[in-house]
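Taken together, the values in this text are just the output of simple stated rules run on the coordinates, not laboratory data. All values reported here derive from a predicted model rather than from experimental measurement. Backbone-built Cβ (ideal geometry, glycine too); neighbour counts: all protein chains shown.
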2 protein chains.
Amino acid sequence: MTKSPAPERPKLGEFLCFAVYSANLAFGRAYRPILEKLGLTYTQYVALVALWEQDDQTVGELGEKMFLESNTLTPILKKLEQSGFIERRRDPADERQVRISLTPKGSELRSHEIGNELFDATGLGDSFFDVQKSVAKLRDNLMRSLGD
Amino acid sequence: MTKSPAPERPKLGEFLCFAVYSANLAFGRAYRPILEKLGLTYTQYVALVALWEQDDQTVGELGEKMFLESNTLTPILKKLEQSGFIERRRDPADERQVRISLTPKGSELRSHEIGNELFDATGLGDSFFDVQKSVAKLRDNLMRSLGD
DNA sequence: GATAATTCAAGCGCATACGATGAAATCGGA
DNA sequence: TCCGATTTCATCGTATGCGCTTGAATTATC
């Protein structure tokens, strides 16, 4: 019997899901020392970025952009409120909704350009934006395939 | 005073860190329904993949490949042991180390080709492997930059 | 051969992340 | 108007993920 051609099973490092999984851990660790001086966690930072793009959002809108449910977002937003970066208050027109808005302290942070500090660390050079687009596309495709 | 040209601050979706962050969430959700039929979580699955590549590793070696610390890995491995996928036992030569090895049940799972089921869902086509390489490179660059 | 330094897994506290559920407010049809 | 369905946020339980610390075992040094 001839030995099978051995389909060369991919090694762990070659799995895309694993690459994304570990790259996310790497980003978290790279950001940690920068953010912890500001008293922020990585997820809290992402929430602030979303609010810089569009202030005064409801919990649901913010969650849609961050791909998070309210049950995950609520404790994070309460922390950001405690730290004085944001305000949470019920919408008078619809008391079911909680609107999130930046405080001056939260807005001010925007000028720190934290994200730019890590551009070099990615080592991607000119392909940075291509990778960014590809990964975003990957995410959107996966999300869409879940809706079926 | 002339209005500044507005450096066009990147929107949230344009941040690479956010793309990776959300793509990781998307992968987790895509894998969940497949894996939960097998009684596995996403991280538990990644650990099994690492063991398929190389059986009989120590907790430390496994953690190095998965970019996880032993404190994170230990409870995950205990779950996998309870579920009957792996065995944990102290290395007689160095009793500090715990060696992890696959049970028949754990090895058998390899033939399910779970990863292949999601290839189409990524919608990347031929660029799949390019993206995989880019993201792995990104991760390695970030990790290396942390060592400085 | 005793002691100090190192290594390694494990325990603890905190912070996400998600499914299931609950509670309050709103909406919509009879 | 009234009552059930829906929307929206919050709570609870479980599972990662990390920094810090602990305790056991090995290695290095004298």
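Per-structure values
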item: Segment A:26-42 - residue that is in contact with a Leu (Cβ under 8 Å, 6 or more places away or on another chain) and within 12 Å of DNA strand D (Cβ to nearest atom) and, of those, farthest from the other protein chains (Cβ to nearest Cβ); result: A:41
item: Hits in segment A:48-83 - residues which are within 8 Å of DNA strand C (Cβ to nearest atom) and of a type in the set (Lys, Arg); result: A:79
item: Number of the condition not met by residue A:97 [criteria: (1) more than 18 Å from residue A:27 (Cα to Cα); (2) free of Cβ contacts under 8 Å to residues at least 24 places away in the same chain; (3) touching a helix residue (DSSP H, G or I) at 6+ places or on another chain (Cβ under 8 Å)]; result: (2)
item: Members of segment A:92-131 that are of a type in the set (Lys, Arg) and exposed (fewer than 14 other Cβ atoms within 10 Å of the Cβ); result: A:96, A:105
item: Single unsatisfied condition, residue B:45 versus (1) closer than 27 Å to residue A:143 by Cα; (2) within 12 Å of DNA strand C (Cβ to nearest atom); (3) among the hydroxyl-bearing types (Ser, Thr, Tyr); result: (2)
item: Every residue from segment A:50-91 that is near DNA strand D (Cβ under 9 Å from one of its atoms), more than 17 Å from the chain's Cα centre (by Cα) and surrounded by fewer than 15 Cβ atoms within 10 Å (Cβ to Cβ); result: A:78, A:88, A:90, A:91
